[in-house]
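The values are calculated or read from the model by the stated rules, or taken from the named source; none is laboratory data. Predicted model only: the values in this text are computed from it and were never measured. Cβ sites come from the backbone with ideal geometry, for glycine too, and all protein chains shown count toward neighbours. The accessibility values were calculated without ligands, DNA or RNA, using every heavy atom of the protein model including side chains. Shrake-Rupley method; radii C 1.70, N 1.55, O 1.52, S 1.80 Å.
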Amino acid sequence: QVQLVESGGGLVQAGGSLRLSCAASSSTFSINAAGWFRQAPGKQRDLVAKFTGDGQITYDDSLKGRFIISRNNAENTVYLQMNGLKPEDTAVYYCNALIQPPGSAYVYSYWGQGTQVTVSS
């Protein structure tokens, strides 16, 4: 069994930066593809950024240039660097990863527990 553990959220002033981390709890389970989503109060969960198994990266158009998704395969961790934060970026940020367990022919989707990001004006 594997879990995604998120960290790095918090309170920051507008214009500041945060880096979110999403680590798989077991190195036996490698992250194939992953993405970051966010959900503001009363709103749906929206894609922020993602990368596919072949390395293709997609961003929400409105966030391109401020947010950067990256991965460290050796640490089985996915990151989201957020720069120039704005109050409207306030939300709970969730990590989602597609993981193929060892010996399995299937890929499973896992979600992190979410981490709160609050940007003050």
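Qualifying chymotrypsin sites (Phe, Trp or Tyr not before Pro) in the range 40-107, where qualification requires a DSSP coil assignment and no more than 10 other C-beta atoms within 10 Å, comprise Tyr106.
Could you tell me what percent of the accessible area of the chain is made up of carbon and sulfur, with a 1.4 Å probe and every protein chain present? Whole-percent figure for carbon plus sulfur exposure: 48. Each principal axis of the Cα cloud of the chain was evaluated for its coordinate range; sorted largest first, these ranges are 49, 28, 25 Å. For the range 14-121, the set of trypsin sites (Lys or Arg not before Pro) satisfying both a DSSP loop assignment and a count of at most 10 other C-beta atoms within 10 Å is given as Lys43.
Accessible area per residue for the chain in Å², computed with a 1.4 Å probe and the full protein assembly in place, what is it? Let's see the in-between values first.
On the way: 6480 Å² over 121 residues.
Per-residue value: 54 Å².
Charges were assigned to the Cβ only: +1 to each Lys and Arg, -1 to each Asp and Glu. The resulting dipole of the chain about its Cα centre is roughly 120 debye.
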